[in-house]
């Protein structure tokens, strides 16, 4: 079930990228998944939805571009829209999942991810 | 709406660490092999038999990954080589950071061969580069001959397939030729060695394969050393 780690990495990338665009929020992220990447799409969608809700990004949509005969696993784009709200304070919490790529902040997501993995 | 193109590998952080580890392994001339297979394919038994046959002066070491327990490390330690267990506590694969954290001091001591036994799983470990020289997929005759078709990723990425437990062939409905054909249909270049850890069959060709790869790694490390020395002299 490394899909949880992959979902976490994708959300972290979205988080980082969207912070470069103040006053906008991410609405969709595009992911290319190759046939040989070893990723189950349905499982990834499930993990993504669970984690996105945890991070108050429940409206973020995941668009998967499946590529036969490829081992690609890459984020291709994110879509952003204007928001009138103040950008939320940076929320920590993308690491700690043993399969995650993310860098090292905190705990709340980590523990929820661990629970989800069990 | 604003669409921003990113083109970022999802596992780029793992890949970065794996590349750093690969550089370190090349610097020390260490051959690193990543064994991947289903639970029960015989990865640990295969490594036990390998360690048993390695000359005692060989500077080899093993890291072995499991979700829980140190059972595999206990088994492997009996052969006198350094062994470390990585207990992933739920993660279904090893990643580059886990391996790097467990082998740093070994690399300083200068090991020749690093055996990495991944968590038993044919899917998830496929995605993670561990800085290895080769992935080796272990398939057993107690599994279906269609495994290469069901899990093409790992068969495609592996340089070598160990077809293990061939002593069971008379007793199980495993179509050997079809299994080989399936593996080659996914990866025409894959090398295949048939082994039995019970009878020892296939271990001569395996040890020759290992010797050949060790020699290649040493040669490439020497070349890399000469190149960096030359580059240093030219500065």
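Just a few scattered comments:
- Condition met for residue A:30 (out of contact with any helix residue (DSSP H, G or I) (no Cβ under 6 Å at 6 or more places or on another chain), at positive phi, within 12 Å of chain B (Cβ to nearest Cβ) and at pLDDT 90 or above): no
- Scan of the range B:102-119 for residues that are closer than 20 Å to residue B:14 by Cβ and assigned to a loop (DSSP other than H, G, I, E, B), ordered by number: B:118, B:119
- Residues satisfying the stated conditions in the range A:1-27, i.e. more than 8 Å from every other protein chain (Cβ to nearest Cβ), touching a strand residue (DSSP E or B) at 6+ places or on another chain (Cβ under 9 Å) and assigned to a loop (DSSP other than H, G, I, E, B): A:20, A:23
- Across the range B:107-122, the qualifying residues are those that are in contact (Cβ under 8 Å) with a residue 60 or more places away in the chain and within 11 Å of chain A (Cβ to nearest Cβ), and the one among them that is surrounded by the most Cβ atoms within 10 Å (Cβ to Cβ) is B:122.
- When residue B:4 is tested against the conditions (1) more than 14 Å from chain A (Cβ to nearest Cβ); (2) in contact with a helix residue (DSSP H, G or I) (Cβ under 7 Å, 6 or more places away or on another chain), the lone failure is (1).
- One residue stands out among those in the range B:123-177 that are away from chain A (no Cβ under 14 Å), assigned to a loop (DSSP other than H, G, I, E, B) and within 22 Å of residue A:69 (Cα to Cα): the one that is nearest to the chain's Cα centre (by Cα), which is B:159.
- Single residue of the range B:62-101 satisfying the filter (in a helix (DSSP H, G or I) and farther than 19 Å from residue B:135 by Cα) that is nearest to the other protein chains (Cβ to nearest Cβ): B:101
- Unmet criterion (only one of (1) within 14 Å of chain A (Cβ to nearest Cβ); (2) in contact (Cβ under 8 Å) with a residue 40 or more places away in the chain; (3) within 30 Å of residue A:15 (Cβ to Cβ); (4) in contact with a helix residue (DSSP H, G or I) (Cβ under 9 Å, 6 or more places away or on another chain)) for residue B:34: (3)
Residues are listed down the side, and each one gets a yes or a no for (1) out of contact with any helix residue (DSSP H, G or I) (no Cβ under 6 Å at 6 or more places or on another chain); (2) within 14 Å of another protein chain (Cβ to nearest Cβ); (3) not in a helix (DSSP H, G or I):
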| residue | (1), (2), (3) |
| --- | --- |
| B:21 | no, no, no |
| B:24 | no, no, no |
| B:27 | yes, no, no |
| B:39 | yes, no, yes |
| B:45 | yes, no, no |
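- Flag if residue A:49 is within 7 Å of chain B (Cβ to nearest Cβ) and farther than 13 Å from residue B:124 by Cα: no
- Residue match in the range A:57-67 (condition: in contact with a helix residue (DSSP H, G or I) (Cβ under 7 Å, 6 or more places away or on another chain), at pLDDT 90 or above, within 10 Å of chain B (Cβ to nearest Cβ) and within 26 Å of residue B:129 (Cα to Cα)): no
- Counted residues, the range A:38-65 - those being touching a residue at least 40 places away in the same chain (Cβ under 8 Å), surrounded by fewer than 17 Cβ atoms within 10 Å (Cβ to Cβ) and closer than 28 Å to residue B:147 by Cα: 2
- The range B:47-60, subset touching a strand residue (DSSP E or B) at 6+ places or on another chain (Cβ under 9 Å) and surrounded by fewer than 17 Cβ atoms within 10 Å (Cβ to Cβ), residue farthest from the other protein chains (Cβ to nearest Cβ): B:58
- When residue B:2 is tested against the conditions (1) modelled with pLDDT of 95 or more; (2) surrounded by fewer than 16 Cβ atoms within 10 Å (Cβ to Cβ); (3) closer than 30 Å to residue A:30 by Cα, the lone failure is (1).
The values are calculated or read from the model by the stated rules, or taken from the named source; none is laboratory data. What you see is a predicted model, and the numbers here were worked out from it, not measured in a lab. Cβ coordinates were reconstructed from backbone atoms using ideal geometry, including for glycine residues, and neighbour counts include every protein chain displayed.
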